[in-house]
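One structure is given below, encoded as structure tokens.
Only the coordinates and a few stated rules stand behind these numbers; no lab work does. Note that the coordinates shown come from a computational prediction; the quantities given were computed from them, not determined experimentally. Glycine also receives a Cβ, built like all others from the backbone with ideal geometry; neighbour counts cover every protein chain displayed.
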Amino acid sequence: MATYGLKIFSGNSNPELAQKICQSLEIPLGRSLVSTFSDGEIRVEIGENVRGADVFVVQSGAPPVNDHLMELLVMIDALKRASARRITAVIPYYSYSRQDRKNKPRVPITARLVADLITSVGTHRILTMDLHAGQIQGFFDIPVDNLYASPVLLPYIREHFNHNLVIVSPDAGGVPRARAYAQRLQADLALIDKRRVNVNEAEVMNIIGEVDGKTAIILDDMADTAGTLVEATKAILDRGAHEVHACVTHPILSGPAVERIEKSDLKSLVVTDTLPLRPQAAHCEKIKTVSAARLFSQAIKSIHNEDSISSLFEIQH
């Protein structure tokens, strides 16, 4: 593989994933200093020559979200002023993605605002995974490659749950994803009809599809407070399912999420490492992590070599 001119840098949000990506590509992680001044201002220093280089900055929307977003913007600005030839923002989890439309009067479309900020600072390309809404790609005036977690999650499901499966979508918006997984796994499909009472609160109303006697796998792009997961698990078991597992791309797991998962009847929660697990989640025996580093490294290699990355899209939603 030709790695001349390829450099990867990382902010403070997910350095473990960045290091795994570099190990897969067999290149060192770029030297940089990302810290703060005493008043909290972000301080960035690039520790090596990047003139004419093809640079990838790995920074996810992990808490504290606003600090890490600002880190990304300042790093890109530093690289641009250091004469990098091309700068790609690798954003495994795109923060503010849930605010992608006006669903009530007088609210912002913050996902578009963040897209404008990232674009205006000098970014040439975006590489991300499982955007909460596919149309967010249209918020950018630069190329956006939105990878799917299916090449990471499908092998795990095949290895650990290989018979009498039903794939469950927690809402109508996730049905295309769940249907694609169900087709690949030759499994049944079900849908949870829920009514959202408030932000981060959901009330499960009904299950469409047959789950009786089956191993149910709830499939979603993110788990925040885990309220939906827990209520969905209870509703599925009440309908006669044998057991319930969940596969989620982005483990936000904020607030009472881990405690809710531990106390629930959910057998396991499989997540990727697009976000680092906080200590409580990392010590939870129900939470299993599979790495997306190899998938990102393959995408970075293809982008750097100007090759197509369409082969990485195993499932089209």
Report, by chain and number, residues whose modeled amide H sits under 5 Å from the one on residue 32, excluding near sequence neighbours (fewer than 5 apart, same chain). 47
Could you list 140, 296, 313 in order of exposure, starting from the residue whose Cβ has the fewest other Cβ atoms within 10 Å? 313, 140, 296
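Could you check what % of the DSSP bridge pairs in region 150-290 are antiparallel, to the nearest 5?
25 percent
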Please determine, in degrees from 0 to 90 and to the nearest 10, the orientation of helix 65-81 with respect to the longest principal axis defined by the Cα atoms of the chain, where the helix direction is its Cα long axis. 30 degrees
Counted charge near residue 131, where neighbours are those whose Cβ lies closer than 12 Å (Asp, Glu -1; Lys, Arg +1): -2
Compute the angle between helix 175-185 and the longest alpha-carbon principal axis of the chain, please, reported from 0 to 90 degrees and rounded to the nearest 10. 80 degrees
Can you tell me the relative contact order of the chain? Whole percent, Cα pairs under 8 Å, sequence separation 6 or more. 14 percent
In Hz, Karplus ³J(HN,Hα) per residue of region 273-279 (6.51, -1.76, 1.60; θ = phi - 60°; x = Gly, Pro): 9, 5, 10, x, 7, 6, x
What list do you get for 247, 284, 22 if you sort them by fewest beta carbons within 10 Å? 284, 22, 247
Using the structure shown, select from 263/301; 194/263; 267/301 the pairs with a Cα to Cα distance greater than 32 angstrom. 263/301; 267/301
Burial order of peptide ranges 143-156, 102-115 (average beta-carbon count within 10 Å, highest first): 143-156, 102-115
Rounded to whole Å, give me the distance from the Cα center of region 96-159 to that of region 242-317. 16 Å
Would you calculate a helix-derived [θ] at 222 nm for the chain, using -39,500 (n - 2.57) for each DSSP H run of n ≥ 4 and dividing by the full residue count, to the nearest 500? -9000 deg cm²/dmol
Taking the number of other C-beta atoms within 10 Å as the exposure measure, put 48, 262, 26 in order starting with the fewest. 26, 48, 262
Quick one: which residues, 5+ away or cross-chain, put their amide H under 5 Å from the amide H of residue 270? H built at 1.01 Å from N. 246, 247, 248, 288
